[in-house]
Amino acid sequence: MTLTGWLGPEEWQAVALSLKVATWATLASLPPGILVAYALARWRFPGRHVLNGLVHLPLILPPVVTGYLLLLTFGRQGPVGALLDPIGITFAFRWTGAALAAAIMAFPLLVRAIRLSIEAVDPKLEEAAATLGASRLRVFVTITLPLILPGLLAGAILAFAKAMGEFGATITFVSNIPGQTQTLPTAIYAFLQVPGGEASAIRLVVISVAIAMLALVLSEVFAQRLARRLRQ
Amino acid sequence: MTLTGWLGPEEWQAVALSLKVATWATLASLPPGILVAYALARWRFPGRHVLNGLVHLPLILPPVVTGYLLLLTFGRQGPVGALLDPIGITFAFRWTGAALAAAIMAFPLLVRAIRLSIEAVDPKLEEAAATLGASRLRVFVTITLPLILPGLLAGAILAFAKAMGEFGATITFVSNIPGQTQTLPTAIYAFLQVPGGEASAIRLVVISVAIAMLALVLSEVFAQRLARRLRQ
Amino acid sequence: MTLDVSLTQTLGAFTLDVAFTAPAGVTVLFGPSGSGKSSVIQAVAGLSRPDKGHVKLDGEVLMDSASGRWLPPRARRLGTIFQDARLFPHMSVARNLAYGTRFAPRDAVALPRDRVIDMLGIGDLLERRPHSLSGGEKQRVAIGRALLAAPRMLLADEPLAALDEARKAEILPYFERLRDELDIPILYVSHAAAEVARLATTVVVLEQGRVRRVGPAAEVLGDPEITPMGSGAAGAMLEARVVTHHPDGLSELDADGLRLLLPRVARDPGATLRIHVEAQDVMLARRRPEDISALNVLPVTVRSIRMGDGPGALVQLDAGGNLLLARITRRSVAAMGLAEGQEIFAVLKAVSVARDGVG
Amino acid sequence: MTLDVSLTQTLGAFTLDVAFTAPAGVTVLFGPSGSGKSSVIQAVAGLSRPDKGHVKLDGEVLMDSASGRWLPPRARRLGTIFQDARLFPHMSVARNLAYGTRFAPRDAVALPRDRVIDMLGIGDLLERRPHSLSGGEKQRVAIGRALLAAPRMLLADEPLAALDEARKAEILPYFERLRDELDIPILYVSHAAAEVARLATTVVVLEQGRVRRVGPAAEVLGDPEITPMGSGAAGAMLEARVVTHHPDGLSELDADGLRLLLPRVARDPGATLRIHVEAQDVMLARRRPEDISALNVLPVTVRSIRMGDGPGALVQLDAGGNLLLARITRRSVAAMGLAEGQEIFAVLKAVSVARDGVG
Amino acid sequence: GQVTVFAAASLGEVLRDVADRFEDETGHEVLVSFAGSSVLARQIQQGAPADVFISANRDWMRVLAEDGAIDPDSRIDLLTNSLVLIAPGPATPAPIDKTLDLPARLGDGVLAMALVDAVPAGIYGKAALTTLGLWDAVADRIAQTDNVRAALALVAAGEAPLGIVYATDAAAEPRVGVVGTFPADSHPRIVYPAAAVAGSDNPLNDEFLSFLTGPEARDIFTAAGFGMVDS
Ligand SMILES: Nc1ncnc2c1ncn2[C@@H]1O[C@H](COP(=O)(O)OP(=O)(O)OP(=O)(O)O)[C@@H](O)[C@H]1O
Ligand SMILES: Nc1ncnc2c1ncn2[C@@H]1O[C@H](COP(=O)(O)OP(=O)(O)OP(=O)(O)O)[C@@H](O)[C@H]1O
Ligand code: MOO
Ligand SMILES: [Mg+2]
Ligand SMILES: [Mg+2]
């Protein structure tokens, strides 16, 4: 039984879309995630606790609320949405919006993981690099970043897994349009709404679990290998 | 304007219940969380990757699916529920079930945080304790545990915050019985379902955010203080 | 109490294959970096599992690959002192000290807490936290912690290596007091010659995972064959008795009839102690030199002369039954016409010995 | 090139308040633990901000609290070598070495990479990772890394402290070569007397955050007033020229007319080097001793005698214009009837000097 | 052409069947996004790219009409539904009136409903129970779910001995039986209105809306247990 045979075209579409959404959500949230994690780990500034709280908001709020807030902000009528729409950037009801929702929901997990790795990097190595003439940015790119790779990877995979599973904020923000915004979790939800849809739902659950597990295991193995290489 | 005046009695009940549920969810998941984190951090055993995957499942699955699985397992007709019911332990439609759902949803976050702290404890200190005659358990209780307290605290607060916000799995598993299982997120959800309910929903969102933020900030401050005390 | 060790263990590319017996007193594992000293300690402590062999303490089997017996570290009751003190950072010094006490068997004869604290001079530190202690203070607390667990034996893996000279000088006497005042055997790892010379009752010389030589300290260290390894160690150890203290700050000692003047030693008259005389601090003279600043001129007999590969030579001397070593140049050997059996004089500056050789 | 330092900085309960000028050559910051040596290095490197003061390199202001000028570490171009080598664990040795090169200004005159690698003997390590290097190898790579960044000056904070004696002996010559072969001034922290004696051109003695003494190395180390601090350091430094190597493994040297015999030194005839003679290795004799093993007997004049608090005394000697120090007992001073201006003999064993005093 | 339909989750399978039929007949493509009516309504307020909205109650449609978010001319009341009391397995029918002894039938169990103040099926159910004077006796025994399907699932799994769901839901779940149907006058009329979204100038809207009321759609809807408003 081939995978394509087992899954209907719409389900197949949902798998592909979920992968795309989760991948982009993860990749796109890495740069801001690293920046925020770095700020929280290394800088002492007045709004530190507030920033930390903000980052954690999506964890605390019911996802539906996060979804509504996203809709109110990034919808066409929303302040940011209205700003971006004319220049061709639209999130609401697009797969990009699904990626945005997933990214925001996964953000606290990503930031936590990266922050911990940054805190584990010996600032003395960064000082050493500075005495050799490297600018702050160069120090970060050539020293800090490579040293936090294992943690970064772990955080990214965690974010990816979370993004694969995100439902509440996604369906609220970008709805559930097959082929456009219907991800695996929303597809599973749709099946659960339909009498007798359990079998299909279970099929999709198995697939999404398999993907996320694979990512998890691979990341563990890879992170361990990286860490071993760095062990001084 | 007093808090009691601002909130209706039912809303007030939801706040109290949410606090109870989140507190118990956090406290009760600490022992298994520590055990699993320790196993993942320190032991090499065949099912390690599987265990790690299982722990992460609630993160990957849409919460509704987790809720259904809980219902099928811990419901009165479920295999575990049927076993526990005669001995007076019931989860279905009880606040205990809400706590169980919240605990399971928060479990991956808790385990991750604790695991990282355990990995940061120098095994040499544990070896030193062993040479002084302490059994494995004593070593854990007297050395490892105190040393991971900052991470434990951080993980517990993260879990608490997540538990405060958990909605999908909770409502699916234990539904929403005012006073019994109506937590803040369900109350928020309910307000969002009716036209014009936004104002009430926002009130509750503010409260739940305030509680979680307070916990976060306190934990950060406290963890930093602990860490400073331990710094060798 | 005797520790009987026989171990085979493969560690990566390295193979440890040693067997030795550590009698009462201090047995020093001596050898260059990477020779397997720490690996032996780990195996004896139960922190690693040898592939083959046994560890027996006074006949009790701590581990034996043949019978499959293996006591976990906590059941061995070997007080272990590590290079990095490994104090528990979340406990005060007092709680660190108390840690092992509660795990000691009821019938174990523990040292009185006050005596240990007193002996180590850590009475003022009890309320402090490890991170606020200096390196030397940390090690003293670590020693106390190990002692108060009522160990049957002490293992110490380069307890002084991480300390600077001043701290080393501060700790070394405590180990000497352990050796001299307590009845607990000590297995002590070091690659510092001065430590070995001052502490060792028995020396086990390791090289590349194998035992190169075992024997009483005086014999091993005075053996010209073995000393080039740790050249600084070459020298003699004299057991000496304090005769009296002179008002000008010098102490007079007697080593089997040899009269020595040294800067004041911190012992009462009548006490015995050991003096490490480094070979390179010993000058030889064919005639008794006069009008010189050196206070100790000892009549000696040349026992053997070992020419080195370089410009040096090691001369073994008999000083009234004591063994002395002198490192001089081959040119001097020739110029002085030294030969076995010749009666000459060894000249020893009081201050040379003073540095770190008295314990 | 001259480094001009003036700093005031409060660090917790500790106050640093120092001012000194480091001329070309090696300036050693010398002083007991906690005297503020590392704090000075940190401030000069730009890794901490002093409350007040300035740091100027050859007139260029690196920082000045008065004008508010502050160059960040990366712009100072001071190659810094730390006690813990701080190699980048994720890079090979080659990439570690190359790290600073790309940040050096285009017009900076960098040392040729091959020469540095050669000088430090790290050619075989290039593909290795830091974690697989021994402590000594790590430090050599760290030195190379600092040099290849084309620094205008080197700062070294106890670069040898974490190493054992063998490793120390392995690295020290590299610093001597830096001093002798390169034109880069070095600010070097140490509290090990032997290092100071071998390396220092200028010595800055710190005590409790203040400068106790600054001056040319020979002067500071030969000053009986200052030496009790780091008693091992007491001694003299002689600049000597290699005259010839004898076939029996001895080298003949000439220090301003003094003829010395030492175990073979690794320099060609004609080369100059410095010899550290520790005060406690110098014996005094009123008459020229004969038939003794010591090869170096030097006619000297007593310049001053400083009685210690204990049994010791420090005698400053003039040896043909060179300064020598001898530590003997007060009893000997009395017995020999030493007095200023007296002509006597200093006796020096060749092997005493051999240990670590030649560089 | 393509038409995007935002439809209440409770229309689930049946609307998909209707859409399939529409696609077969016209060759156009229909994309259906199922979610709670409230979620969809808010999304339409925020400019969701929907062409047609089918709500599970009139309130949200009215809100959208007041906002000018739908085309008022296109608005129709499409379907009706009825409310049933269900129990696990094959149920023994009983009359649903004032005499119904709900507490006895519940035993120590709970009555599964959708959120009684928020979700349409729950609101209708609460109204019906109140009218029949049964509400007070069970008010604290009600397990409320976020949607009607979850209430159905509770009964199907045997976790709740009774539940109140739409007749259409009960018909589709073989593991539950219908105890009885609530009298139509015990609650406000259950109506599913449909309308074209304002600003959607999709020419297919009219065609699709009229197809919904056409004979083929009618057959599918009624087969699933829905009533047609115009009948
Ligand atoms: N777990 C291990 N895996 C691989 N090699 C090991 C392991 N443990 C020790 N070795 C190797 O065994 C050898 C002996 O190590 P050991 O630490 O016992 O030496 P040592 O005599 O204590 O040296 P040092 O004086 O440097 O402490 C070294 O070459 C070391 O690299
Ligand atoms: N950031 C700081 N906060 C508080 N005290 C400090 C700080 N940095 C240094 N000190 C104190 O300043 C004093 C000087 O420290 P410093 O490290 O400069 O000494 P040092 O001469 O390098 O000593 P060592 O030889 O032990 O390295 C010490 O008493 C130290 O405790
Ligand atoms: O279809 Mo609904 O909006 O769950 O009643
Ligand atoms: Mg070792
Ligand atoms: Mg320092």
So which of E:Ala137, E:Ala127, E:Ala118, E:Ala104 ends up being at pLDDT 90 or above and under 23 Å from the mean Cα position of the chain (by Cα)?
E:Ala127
Looking at this structure, is D:Arg95 touching a residue at least 24 places away in the same chain (Cβ under 8 Å) and either assigned by TED's automatic domain parsing to the domain that holds D:Asp124 or within 16 Å of ligand 4 (Cβ to nearest atom) (or both)?
no
Suppose we filter D:Leu111, D:Leu147, D:Leu155 for residues that are in contact with a Phe, Trp or Tyr (Cβ under 9 Å, 6 or more places away or on another chain), of a type in the set (A, V, I, L, M, F, W, C) and touching a residue at least 24 places away in the same chain (Cβ under 8 Å); which single one remains?
D:Leu155
Restricting attention to segment D:21-41, which residues are modelled with pLDDT of 90 or more and more than 17 Å from the chain's Cα centre (by Cα)?
D:Ser39
Residue satisfying condition, being charged (D, E, K, R), more than 9 Å from chain D (Cβ to nearest Cβ) and over 30 Å from D:His245 (Cβ atoms), within set C:Arg303, C:Arg264, C:Arg287:
C:Arg303
So A:Thr90 clears everything in (1) open to solvent by less than 50 Å² (accessible area, probe 1.4 Å); (2) assigned to a helix (DSSP H, G or I); (3) without any contact (Cβ under 8 Å) to a residue 24 or more places away in the chain except one condition, right? Which one?
(2)
For residues in segment A:96-138 being crowded, with 24+ Cβ neighbours inside 10 Å, in contact with a Phe, Trp or Tyr (Cβ under 6 Å, 6 or more places away or on another chain) and aliphatic (A, V, I, L, M), which is farthest from the other protein chains (Cβ to nearest Cβ)?
A:Ala99
Restricted to segment C:43-85, and to residues that are closer than 26 Å to C:Glu137 by Cβ, within 22 Å of the chain's Cα centre (by Cα) and outside any loop (DSSP other than H, G, I, E, B), which residue is nearest to the other protein chains (Cβ to nearest Cβ)?
C:Thr80
Only unsatisfied item for B:Ala28, checking (1) within 14 Å of chain A (Cβ to nearest Cβ); (2) open to solvent by 10 Å² or more (accessible area, probe 1.4 Å), is (1)
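Return the only residue of E:Thr168, E:Thr130, E:Thr145 being open to solvent by 20 Å² or more (accessible area, probe 1.4 Å), more than 16 Å from ligand 2 (Cβ to nearest atom) and among the hydroxyl-bearing types (Ser, Thr, Tyr).
Exactly one residue qualifies, and that residue is E:Thr130.
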Looking at C:Gly59, C:Gly12, C:Gly100 in this structure, which one is within 16 Å of ligand 4 (Cβ to nearest atom) and either aromatic (Phe, Trp, Tyr) or free of Cβ contacts under 8 Å to residues at least 60 places away in the same chain (or both)?
C:Gly12
May I ask you to list the residues in segment C:6-34 that are surrounded by 24 or more Cβ atoms within 10 Å (Cβ to Cβ) and either outside the structural domain of C:Thr201 (by TED's automatic domain parsing) or not in a strand (DSSP E or B) (or both)?
C:Gly31
Where D:Ser304 falls short, out of the listed (1) under 20 Å from C:Pro263 (Cα atoms); (2) modelled with pLDDT under 85; (3) assigned to a strand (DSSP E or B)
(1)
When you check D:Gly53 against the structure, is it more than 25 Å from D:Val205 (Cα to Cα) and more than 16 Å from ligand 5 (Cβ to nearest atom), yes or no?
no
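The values are calculated or read from the model by the stated rules, or taken from the named source; none is laboratory data. All figures in this text were calculated on a predicted structure; none of them were measured in a lab. Virtual Cβ from ideal backbone geometry, glycine too; neighbours counted across all protein chains shown. Keep in mind that these areas ignore ligands, DNA and RNA; they rest on the heavy atoms of the full protein, side chains included. Shrake-Rupley method; radii C 1.70, N 1.55, O 1.52, S 1.80 Å.
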